[in-house]
Amino acid sequence: MEKVIATETDFCPYCGHIHDLLIKENAIKKTTINGTLVSHKQTYTYCPVSDEEFFKGTQWNETLQNIQNALKIALV
(Lines give C-alpha, C1' and ligand atoms only; values in the text may rest on other atoms or scores of the structure.)
Protein backbone atom coordinates (compact mmCIF):
# COMPACT_ATOMS: atom_id res chain seq x y z
CA MET A 1 0.00 0.00 0.00
CA GLU A 2 1.50 3.32 -1.02
CA LYS A 3 0.90 6.63 0.67
CA VAL A 4 2.03 10.23 0.19
CA ILE A 5 4.30 11.21 3.07
CA ALA A 6 5.41 14.68 1.88
CA THR A 7 5.54 17.13 -1.02
CA GLU A 8 8.45 19.24 -2.19
CA THR A 9 8.84 21.83 -4.91
CA ASP A 10 11.76 20.89 -7.14
CA PHE A 11 12.86 20.42 -10.75
CA CYS A 12 11.26 17.38 -12.40
CA PRO A 13 13.48 15.50 -14.88
CA TYR A 14 10.45 14.02 -16.66
CA CYS A 15 8.32 17.04 -17.52
CA GLY A 16 11.18 19.58 -17.28
CA HIS A 17 9.38 21.99 -14.97
CA ILE A 18 9.68 23.08 -11.36
CA HIS A 19 6.55 22.08 -9.47
CA ASP A 20 5.30 20.14 -6.45
CA LEU A 21 6.54 16.54 -6.44
CA LEU A 22 4.94 13.93 -4.21
CA ILE A 23 7.15 11.86 -1.94
CA LYS A 24 5.54 8.44 -1.62
CA GLU A 25 6.28 5.44 0.52
CA ASN A 26 5.49 1.93 -0.62
CA ALA A 27 5.72 -1.37 1.23
CA ILE A 28 7.49 -3.36 -1.48
CA LYS A 29 8.37 -6.60 0.24
CA LYS A 30 7.04 -8.61 3.14
CA THR A 31 9.12 -11.33 4.74
CA THR A 32 8.91 -13.42 7.87
CA ILE A 33 11.86 -13.28 10.26
CA ASN A 34 11.64 -15.64 13.23
CA GLY A 35 7.85 -15.80 12.88
CA THR A 36 7.48 -12.01 12.70
CA LEU A 37 6.11 -10.40 9.53
CA VAL A 38 8.47 -7.62 8.43
CA SER A 39 7.61 -5.07 5.75
CA HIS A 40 10.44 -3.33 3.88
CA LYS A 41 9.49 0.19 2.79
CA GLN A 42 10.79 2.13 -0.18
CA THR A 43 10.51 5.88 -0.64
CA TYR A 44 10.31 7.40 -4.12
CA THR A 45 9.33 10.63 -5.83
CA TYR A 46 6.27 10.91 -8.07
CA CYS A 47 5.54 13.50 -10.77
CA PRO A 48 1.76 14.01 -11.06
CA VAL A 49 2.19 15.90 -14.36
CA SER A 50 3.93 13.11 -16.30
CA ASP A 51 2.67 10.24 -14.09
CA GLU A 52 6.25 8.99 -13.57
CA GLU A 53 7.96 7.67 -10.44
CA PHE A 54 11.68 7.99 -9.86
CA PHE A 55 14.29 7.74 -7.14
CA LYS A 56 16.47 10.67 -6.19
CA GLY A 57 20.05 9.48 -6.14
CA THR A 58 23.31 9.86 -8.02
CA GLN A 59 21.63 10.32 -11.39
CA TRP A 60 19.33 12.99 -9.95
CA ASN A 61 22.28 14.96 -8.53
CA GLU A 62 24.18 14.69 -11.83
CA THR A 63 21.13 15.98 -13.74
CA LEU A 64 20.81 19.01 -11.46
CA GLN A 65 24.57 19.68 -11.66
CA ASN A 66 24.46 19.58 -15.48
CA ILE A 67 21.56 22.05 -15.51
CA GLN A 68 23.40 24.40 -13.13
CA ASN A 69 26.56 24.24 -15.26
CA ALA A 70 24.59 24.97 -18.45
CA LEU A 71 22.94 27.97 -16.81
CA LYS A 72 26.30 29.32 -15.61
CA ILE A 73 27.73 29.05 -19.14
CA ALA A 74 24.64 30.69 -20.66
CA LEU A 75 24.81 33.60 -18.23
CA VAL A 76 28.51 34.35 -18.80
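The values are calculated or read from the model by the stated rules, or taken from the named source; none is laboratory data. Everything quoted here is computed from the prediction, not taken from an experiment. Note: ideal-geometry Cβ built from the backbone for every residue, glycine included; neighbour counts use all protein chains shown.
Of the residues making up region 1-23, those that are out of contact with any helix residue (DSSP H, G or I) (no Cβ under 6 Å at 6 or more places or on another chain), modelled with pLDDT under 85, outside any strand (DSSP E or B) and not aromatic (Phe, Trp, Tyr) are 1, 12, 15, 16.
Screening region 1-25 for residues that are of a type in the set (Ser, Thr, Tyr) and surrounded by 11 or more Cβ atoms within 10 Å (Cβ to Cβ) and picking the one that is nearest to residue 49 (Cα to Cα) gives 14.
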